[in-house]
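Engineer: Take this structure first; my questions come after.
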Amino acid sequence: MAEQPIQRGRLRPAPEHFLNEADVQAVEAGRRGFLRKALVTASAAMAATTVARAEDGDPAILTLPPWTTSLGQPVAARPYGLPSQYEKGLQRRESPGLTRMSQVSVAFTPLQGLFGIVTPSGLHFERHHQGWSDIDPSKHRLMINASDDGFIRAPRVYTVDDILRLPPVSRMHFIECGANTGMEWGNVAVPTVQYTHGMLSCSEFTGVPLRTLLDDCGVNWKKARYVLAEGADGSSMTRTIPIELVESGEVLVAYGQNGEMLRPENGYPLRLVVPGVQGVSWVKWLRRIEVGDQPWATKDEAIHYVDLLPGGQHRQYTSIQECKSVITTPSGGQMLLDKGFYNISGLAWSGRGKIARVDVSTDGGVNWRSARIDGPVHGKCLTRFNIDWVWDGRPAILQSRAVDDTGYVQPRYGQLRAVRGTKSIYHNNAIQSWKVAETGEVSNVQVL
């Protein structure tokens with residue numbers, strides 16, 4: 001007797017936006033228990049739009065639709081292409097109650113709806129400290145100077161055109177805010193992967209190695225130990241960067257992203273690209289580089305972006321984004337509608353190099369299987385993984401665990417908290433868990 005084929009399961013996406021004004025006020029008041037109720041309510045509302053299985057005589061097959069029997073839109077009807085109107089729900093979104101002003105807030109990338117490893121420029125996450133501006137490139141300048149005359153021979157000022165005329169390089173890298181997953185340090189706080197891990201994006205960046213510009217200014221590589229990057233935004237964001245990263249050639253003064261100029265909210269016309277380092281160091285609207293021999297201890301590295309440890313001590317200058325991964329589907333807010341076959345998919349990344357392996361568990365970390373790596377594996381870049389799974393209708397807990405080429409293994413929450421405690425904000429790279437209930441509902445849980 002022939003073996004029966006495994007039924008392919010259907011997945012209902014997470015509701016894109018499920019918080020009303022009352023929910024926003026609850027977030028601001030610190031009440032988080034309502035989140036599950038809000039998500040369930042939104043999921044129920046979506047059930048009415050779920051597409052049923054095709055039956056014999058499906059009119060979508062038998063009746064030709066208007067677009068098959070009429071003339072379509074002309075060439076260049078949209079001089080700059082836009083997504084389909086049917087994909088308009090996939091947007092970066094601000095987390096309500098996260099900050100008091102939207103100019104100093106975050107818009108999260110919808111990881112649950114993306115494929116491959118490239119983040120479309122229009123969905124790249126945003127993190128601003130004083131809002132963003134669309135800067136006239138003809139009026140923008142990049143100055144390179146030093147805190148002491150012995151560090152560089154000839155300080156210079158570059159126009160954007162000056163930099164565009166230099167030989168370019170293009171590289172694929174992820175960028176992750178140091179506070180990504182920061183709301184989850186103490187316990188489950190948000191329901192979907194967009195809000196747990198959405199301060200993460202990956203692009204092809206094009207620009208000029210910062211080393212090229214420093215060489216042009218005659219930097220003294222023996223004396224110089226650090227550079228200070230400063231942005232042109234209202235907060236004058238400034239960050240210290242070790243000279244070793246610059247000297248290696250990996251730090252870029254970038255003007256291009258995914259084949260076009262940077263978007264204004266992503267730093268147009270110039271931004272710094274510091275691979276593997278937390279996003280705050282990727283200074284946007286870059287206007288100045290200062291060369292020195294010690295950290296500057298600016299406000300955003302002396303009192304902000306520091307790690308609170310048990311006992312009240314703080315770690316400073318912990319910029320590297322450690323090895324991390326997350327399953328993006330099935331993930332929180334989604335629902336499995338059938339028993340049967342599903343493809344588990346997600347992303348892995350490491351600020352220290354390449355992803356060597358990703359393991360996936362469907363039983364909360366008791367057993368692990370190695371996932372397939374899909375597509376290219378670049379250093380300090382997102383890596384897509386997939387693995388087959390047949391859901392039998394029983395409760396399950398989905399996890400992914402990444403290993404990079406240095407041998408570092410992504411930790412469990414219990415391992416990370418044993419060292420870091422639960423009061424931190426930054427650099428949470430613990431294993432993410434998604435619980436699949438018997439109903440098929442997927443929710444955010446934590447497993448120590």
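The values are calculated or read from the model by the stated rules, or taken from the named source; none is laboratory data. Bear in mind that the values here come from a model prediction, so they are computed numbers and not experimental data. As a convention, Cβ positions derive from the backbone with ideal geometry for all residues, glycine included, and neighbour counts pool all protein chains shown. Heavy atoms of the whole protein, side chains included, go into the accessibility calculation; ligands, DNA and RNA do not. Shrake-Rupley method; radii C 1.70, N 1.55, O 1.52, S 1.80 Å.
Engineer: For segment 99-106, check the following and say yes or no: at least one residue is over 20 Å from the mean Cα position of the chain (by Cα) and in a loop (DSSP other than H, G, I, E, B).
Structural biologist: The initial filter retains those residues of segment 99-106 that are over 20 Å from the mean Cα position of the chain (by Cα), namely 100-101.
Okay, now just the ones that are also in a loop (DSSP other than H, G, I, E, B), so 100-101.
Looking for residues that are over 20 Å from the mean Cα position of the chain (by Cα) and in a loop (DSSP other than H, G, I, E, B), one finds at least one in segment 99-106, hence yes.
Engineer: When residues of segment 167-223 are filtered for being of a type in the set (D, E), open to solvent by 40 Å² or more (accessible area, probe 1.4 Å) and in contact (Cβ under 8 Å) with a residue 40 or more places away in the chain, how many remain?
Structural biologist: Quick first cut of segment 167-223, residues of a type in the set (D, E) only: 176, 184, 204, 215-216.
Those still in the list that are open to solvent by 40 Å² or more (accessible area, probe 1.4 Å) too: 204, 215-216.
Subsequent filtering for residues that are in contact (Cβ under 8 Å) with a residue 40 or more places away in the chain retains 204, 216.
Total meeting the criteria: 2.
Engineer: Quick check on segment 293-330: of everything there that is in contact with a Ser or Thr (Cβ under 7 Å, 6 or more places away or on another chain) and of a type in the set (S, T, N, Q), which residue is farthest from R225 (Cα to Cα)?
Structural biologist: Once the filter is applied, the top-ranked residue is T329.
Engineer: Still on this structure, I have one more. Of all the residues that make up segment 405-426, how many are in contact with a strand residue (DSSP E or B) (Cβ under 6 Å, 6 or more places away or on another chain) and crowded, with 18+ Cβ neighbours inside 10 Å?
Structural biologist: Summing the residues that are in contact with a strand residue (DSSP E or B) (Cβ under 6 Å, 6 or more places away or on another chain) and crowded, with 18+ Cβ neighbours inside 10 Å in segment 405-426 gives 3.
Engineer: For segment 62-103: of the residues being hydroxyl-bearing (S, T, Y) and open to solvent by 100 Å² or more (accessible area, probe 1.4 Å), which is farthest from L114 (Cα to Cα)?
Structural biologist: Filtering first and then ranking leaves Y80.
Engineer: Considering L228, L262, L245, which residue is buried (at least 23 other Cβ atoms within 10 Å of the Cβ), hydrophobic (A, V, I, L, M, F, W, C) and at pLDDT 95 or above?
Structural biologist: Values: L228 fails: buried (at least 23 other Cβ atoms within 10 Å of the Cβ); L245 fails: buried (at least 23 other Cβ atoms within 10 Å of the Cβ).
Result: L262 is the single residue among L228, L262, L245 that is buried (at least 23 other Cβ atoms within 10 Å of the Cβ), hydrophobic (A, V, I, L, M, F, W, C) and at pLDDT 95 or above.
Engineer: Now, a different point. Between a first residue in segment 96-119 that is free of Cβ contacts under 8 Å to residues at least 24 places away in the same chain and small (G, A, S) and a second residue that is open to solvent by 40 Å² or more (accessible area, probe 1.4 Å) and not in a strand (DSSP E or B), which pairs have beta carbons less than 9 Å apart while being 6 or more apart in sequence or on different chains?
Structural biologist: Partner pairs satisfying both residue conditions: S105/L98; S105/T99; A107/Q91; A107/R92.
Engineer: Now for a separate question. Being closer than 24 Å to V188 by Cα, modelled with pLDDT under 90, open to solvent by less than 80 Å² (accessible area, probe 1.4 Å) and in a helix (DSSP H, G or I) narrows it down to one of A38, A14, so name that one.
Structural biologist: Working: A14 fails: in a helix (DSSP H, G or I).
Only one candidate qualifies: A38.
Engineer: Select, from D338, D293, D307, the only residue that is touching a His at 6+ places or on another chain (Cβ under 7 Å) and of a type in the set (D, E).
Structural biologist: Going through D338, D293, D307 in turn, just one is touching a His at 6+ places or on another chain (Cβ under 7 Å) and of a type in the set (D, E): D307.
Engineer: So is A430 surrounded by fewer than 23 Cβ atoms within 10 Å (Cβ to Cβ) and of a type in the set (A, V, I, L, M) or not?
Structural biologist: yes
Engineer: Pairs needed: first member in segment 344-355, within 16 Å of R171 (Cα to Cα) and at pLDDT 95 or above; second member anywhere, among the small types (G, A, S) and part of a strand (DSSP E or B); C-beta distance under 8 Å; at least 6 residues apart or different chains.
Structural biologist: W349/S325; W349/A402; S350/A402
Engineer: Return the only residue of G122, G116 being open to solvent by 30 Å² or more (accessible area, probe 1.4 Å) and at positive phi.
Structural biologist: On inspection, the qualifying residue turns out to be G116.
Engineer: Restricting to segment 189-228, what's the tally of residues that are more than 23 Å from E260 (Cβ to Cβ) and not in a loop (DSSP other than H, G, I, E, B)?
Structural biologist: 13
Engineer: Counting only residues that are open to solvent by less than 50 Å² (accessible area, probe 1.4 Å) and not in a strand (DSSP E or B), which one in segment 381-404 is farthest from L336 (Cα to Cα)?
Structural biologist: Within segment 381-404, the match that is farthest from L336 (Cα to Cα) is C381.
Engineer: Would you say V377 is touching a Ser or Thr at 6+ places or on another chain (Cβ under 9 Å), open to solvent by less than 60 Å² (accessible area, probe 1.4 Å) and free of Cβ contacts under 8 Å to residues at least 24 places away in the same chain? Talk me through it step by step, then tell me what you get.
Structural biologist: Values: touching a Ser or Thr at 6+ places or on another chain (Cβ under 9 Å): yes; open to solvent by less than 60 Å² (accessible area, probe 1.4 Å): yes; free of Cβ contacts under 8 Å to residues at least 24 places away in the same chain: yes.
In short, yes.
Engineer: Now, a different point. Do you know which residues across segment 278-307 are at pLDDT below 95, open to solvent by less than 10 Å² (accessible area, probe 1.4 Å) and assigned to a helix (DSSP H, G or I)?
Structural biologist: D300, E301
Engineer: Given the criteria in contact with a Lys or Arg (Cβ under 7 Å, 6 or more places away or on another chain) and assigned to a loop (DSSP other than H, G, I, E, B), does P275 qualify?
Structural biologist: On the way: in contact with a Lys or Arg (Cβ under 7 Å, 6 or more places away or on another chain): yes; assigned to a loop (DSSP other than H, G, I, E, B): yes.
The answer is yes for P275.
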